[in-house]
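To start, the structure itself, in structure tokens.
Throughout, read-outs are computed from the coordinates displayed, never taken from laboratory work. Source: prediction; values computed, not measured. Positions of Cβ are backbone-derived with ideal geometry, glycine not excepted, and every protein chain shown enters the neighbour counts.
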Amino acid sequence: MTERLRRKRSGPSAAVTFSVLCFAVLAVVGAIIIARGAPTSGPVALPTLGALEIELPASVEIDESFSVSVAGAAEGEKVLLSLDGAYGLRNFEATSRSGVAGFLIEPSSTPGSGTIVVDARTESARGVATIGVVPGPAVDGVDVYVGPRTIVADNEDFSMVVAVPVDRLGNPTVAETPVDVLVTRSTDGGRGPSETISTSTSGLLAFAEIEAGIVAGRTTVAVDVESARGVEESFLEVADVPVDVELIVVGETPSADGVTLFEIQTSVLADQHGNVVPDGTIVHLHSEGATGRRRLIAPTVDGVATFVVEAPTQPGPADFVAKIGRATSESLNVEFIPAIERLPVQIVSDADRLVIIVGPVTGTDKGYVADGTVATVEVGATMVEVELESGTASIEIDQTAQPVSVSVLGVEAGNVEDDRK
């Protein structure tokens, strides 16, 4: 009986304990849910800094020291001062006395021109101001750039000059700094007239266009920036496309012997203003005649191009045309006369062979044609070439009744001695 009573008493106690635990768990979960669903708090407020008053000049020259006064700090409090400009960040420190911290900034601390941000701080206050550092005057050795370096002297083309003036520390001069560009054109053997183009700096540099004249030569450019001067530069003004291009044969026209050299020259190549093209200008010579087409090139010397031409191997007319840029000469027609005066040919029968003897072949100068000159022998549909030596050559072929013809340098043999039986 006692044992049964104990069991009855222990049962409710365990149930109550379990219920308490469940309630506790639900309470924790509810707290978490409530916490998650609760509105979040705003950003943590930062302490408000007090204001420091900064007193300094609005601007200073690049070589000038200046003072900075910072008011508003407590007595004996450290004041940190930073200068942030083109040269980088510089830091200074001073102690407030009677409510003011004083700083003396030497020129070596601000060698870069432009705007400097001045930032003063204490643990509880801050102030910001700006000061402008004005560059100094330009110094000698102004950088000068000219281009293009070659223009056409046609009164329309142009070159350009760019100047970059800086002070002694390398800072670009202030905007609107006056710049004078002195342009001197050359004449025959010396300097010609000069002109001055006035401009000013903008965006760290100054530039000016220099229009071409009508006289070829070297044009010099000098730049003055107040009392400073730049390095003298120059560019070339050259002749425009030549006009009235002509061709002439120098000396007598040779016969069509295939070996004689002769010269063809251009007239003096000059543009519409009389400017002669510069030495080394390349001229192309195109020829077309009985022996086909050829092309030669030659440079000009004193405005004239000279071509060394080899006589053709065939008599007849040939046309020559010179081209330089967009200019073309009138066609020069040259008539090449036959180079052969005498061309004997003998055909000798020898058993079942034929011996064809060519020569001695002489030219218009009464001498033998040059060794190596080719004689062309045609027997029916067969063609054979043989080189002459001392004006003579011979070949052997099988006995045949077909006709034989011989030609040298485009001249065909007339009377042929033929003893074929």
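Hey, if you put +1 on the Cβ of every Lys and Arg and -1 on every Asp and Glu Cβ in the chain, which of 76, 318, 266 ends up farthest toward the positive end of that dipole?
76
For the stretch 331-357 and the stretch 149-177, what is the separation of their Cα centres, given in Å?
Taking the Cα centre of the stretch 149-177 as reference, the centre of the stretch 331-357 is 73 Å away.
Just to confirm the filter: which GluC sites (Glu not before Pro) across the stretch 209-254 are DSSP coil and have at most 15 other Cβ within 10 angstrom of their Cβ?
Sparse-neighbourhood loop GluC sites (Glu not before Pro): 226, 232, 246, 252.
Where in the stretch 331-408 are there trypsin sites (Lys or Arg not before Pro) that are in a DSSP coil and have at most 13 other Cβ atoms within 10 angstrom of their Cβ?
Within the stretch 331-408, the qualifying trypsin sites (Lys or Arg not before Pro) (loop, at most 13 other Cβ atoms within 10 Å) are 366.
What is the distance, in nm, between label points placed 7 Å from the Cα along the Cα-to-Cβ direction at residue 400 and at residue 246?
In this crude label model, residue 400 to residue 246 measures out at 5.3 nm.
What spacing in nm lies between the two simple spin-label points modelled at residue 97 and residue 53, each 7 Å away from Cα in the Cβ direction?
2.0 nm
Under the rule of at least 5 residues apart or a separate chain, name every residue whose amide H is placed under 5 Å from the amide H of residue 208.
Distant-sequence amide H within range of residue 208: 161.
Looking at the stretch 329-375, which GluC sites (Glu not before Pro) are in a loop (DSSP not H, G, I, E or B) and have at most 12 other Cβ atoms within 10 Å?
Loop-located and lightly packed - 330.
Pop out the ³J(HN,Hα) list for the stretch 223-232 in order, Karplus 6.51 cos²θ - 1.76 cosθ + 1.60 with θ = phi - 60°, rounded to Hz; leave Gly and Pro as x.
10, 10, 10, 6, 9, 9, 10, x, 5, 6
Given H placed on each backbone N at 1.01 Å, which residues far from residue 234 in sequence or on other chains put an amide H within less than 5 Å of it?
221
Can you tell me the dipole magnitude for the chain around its Cα centre, using point charges on the Cβ only (Lys, Arg +1; Asp, Glu -1), in Debye to the nearest 20?
5160 debye
Please report the Cα spread of the stretch 247-336 along all three principal axes, rounded to whole Å, starting with the longest.
Per principal axis, max minus min of the Cα coordinates gives 41, 21, 17 Å.
Please give the FRET efficiency for residue 126 paired with residue 104, using the beta carbon to beta carbon distance and R0 = 25 Å, rounded to the nearest 0.05.
It comes to 0.70.
Just report the Cα centroid separation between the stretch 178-228 and the stretch 240-292, whole Å.
So the two Cα centres are separated by 38 Å.
For the pair residue 194 and residue 263, what calculated FRET efficiency results from E = 1/(1 + (r/R0)^6), where r is the Cβ-Cβ distance and R0 = 45 Å, to the nearest 0.05?
Once the sixth-power term is evaluated, E becomes 0.55.
For residue 295 and residue 357, FRET efficiency with R0 = 51 Å and r from the beta-carbon atoms, rounded to 0.05?
0.85
With θ set to phi - 60° and the Karplus curve 6.51 cos²θ - 1.76 cosθ + 1.60, what are the ³J(HN,Hα) couplings of the stretch 125-132 in order, to the nearest whole Hz, using x for Gly and Pro?
Rounded to whole hertz, the list is 8, 8, x, 10, 8, 10, 9, x.
For residue 52, enumerate residues with amide H under 5 Å from its amide H, sequence gap 5+ or separate chain, H modeled in the peptide plane.
126, 127
In sequence order, what are the phi-derived ³J(HN,Hα) couplings for the stretch 350-367 according to the Karplus relation 6.51 cos²θ - 1.76 cosθ + 1.60 with θ = phi - 60°, rounded to whole Hz, with x for glycine and proline?
9, 6, 9, 10, 10, 10, 9, 9, 10, x, x, 8, 10, x, 5, 8, 6, x
Express the relative contact order of the chain as a whole percentage, based on alpha carbon pairs under 8 Å and six or more residues apart in sequence.
It rounds to 9 percent for the chain.
I'm spelling it out carefully: the read-out is mean projected area of the Cα convex hull in nm², the candidates are (i) 63.2; (ii) 23.9; (iii) 20.9, and one was derived from this structure. Which label?
(i)
Taking the Cα atoms of the stretch 50-134 alone, what are Rg (to one decimal) and Dmax (as a whole number) in Å?
In order Rg, Dmax, the Cα atoms of the stretch 50-134 give 12.2, 35 Å.
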